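The next block holds one structure in the form of structure tokens; read it before the comments.
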Amino acid sequence: MSLVLHFADEAGLAEALARELGWACAPIGCHVFPDGEYRLTLPKPLPPRVALLRGLQQPNAKLAALLIAAPAARECGVHHLTLVAPYLSYMRQDTEFHPGEAVSQRHLGRALAAWFDALITVDPHLHRVATLDEVVPGRRGVAVSAAPLLGRFIAHRVPGALLLAPDEEAGQWVRAAAAAGKLEHAVCQKLRQGDLEVQVALPGTD
């Protein structure tokens with residue numbers, strides 16, 4: 001038997017994933033103490049093969065929970081543990097842009113490689129590495145793309161839509177979405193002056 005483990009806020013997604021896989025599904029109990037610490041309760045025993053679903057948007061508290069949950073799962077009987085993270089955080093900082101900056105992609109990737117045997121995510125920020133395997137050294141990294149699904153969905157809902165990418169980094173996804181949906185596409189130019197100060201110039205497209 002194999003199992004999808006999840007936290008309460010992602011129960012619907014975990015149950016859908018488990019149905020597709022033909023796996024069982026079970027929650028991780030999570031009590032939050034007044035100071036913000038977690039007490040996690042995992043089903044015990046666990047089967048040898050487990051996928052832990054955890055999206056890492058708003059990542060800091062979630063990463064603390066993973067730090068506890070992953071070794072606890074091993075203690076409950078898991079031999080092969082996969083992290084399914086639809087959004088993978090801390091991938092933007094993939095080089096030292098200024099002296100002394102921590103390369104968070106590298107350091108988080110090494111931590112995840114220590115906790116998990118494999119990692120599956122959707123459209124991660126991989127602009128200066130070739131594959132997700134490089135992010136989690138010695139482990140299996142799988143990056144799938146939602147762009148074709150989105151392209152076909154948009155084409156069904158809005159026939160003839162024009163797809164715009166906000167910048168060239170997103171061009172790869174808008175091109176894939178447009179090809180899947182047989183839609184036109186274009187790429188904007190973005191000038192970032194700060195975290196919340198962004199100017200976008202539209203392309204010369206009708």
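With a requirement of 2 or more residues that are open to solvent by 80 Å² or more (accessible area, probe 1.4 Å), of a type outside the set (A, V, I, L, M, F, W, C) and within 23 Å of residue 97 (Cβ to Cβ), the strands (runs of 3 or more DSSP E) lying completely within the range 122-199 that satisfy it span 189-192.
Selection of first residues in the range 116-128 that are under 15 Å from residue 89 (Cβ atoms) and among the hydroxyl-bearing types (Ser, Thr, Tyr) and of second residues that are at pLDDT 90 or above and surrounded by fewer than 19 Cβ atoms within 10 Å (Cβ to Cβ), restricted to Cβ pairs under 6 Å at least 6 apart or on distinct chains, gives the following pairs, ordered by first then second residue: 121/143. Of all residues in the range 1-15, count the ones that are exposed (fewer than 14 other Cβ atoms within 10 Å of the Cβ) and under 17 Å from the mean Cα position of the chain (by Cα). The number of residues fulfilling the criteria is 3.
Just the residues that are outside any helix (DSSP H, G or I), in contact (Cβ under 8 Å) with a residue 24 or more places away in the chain and either at positive phi or not aromatic (Phe, Trp, Tyr) (or both), please, taken from the range 1-25. Working first, answer last.
Here is the first cut: in the range 1-25, the residues outside any helix (DSSP H, G or I) are 1-7, 22-25.
Filter once more, keeping what is in contact (Cβ under 8 Å) with a residue 24 or more places away in the chain: 1-7, 23.
Within the range 1-25, 1, 2, 3, 4, 5, 6 meet the criteria.
Residue count for the range 129-180 under the criterion of being in contact with a His (Cβ under 8 Å, 6 or more places away or on another chain) and either among the aliphatic types (A, V, I, L, M) or closer than 18 Å to residue 90 by Cβ (or both): the result is 8.
The values are calculated or read from the model by the stated rules, or taken from the named source; none is laboratory data. Source: prediction; values computed, not measured. Counting neighbours? That spans all protein chains shown, and the Cβs are built from the backbone with ideal geometry, glycine included. Surface accessibility is based on the protein's heavy atoms, side chains included, excluding ligands, DNA and RNA. Shrake-Rupley method; radii C 1.70, N 1.55, O 1.52, S 1.80 Å.
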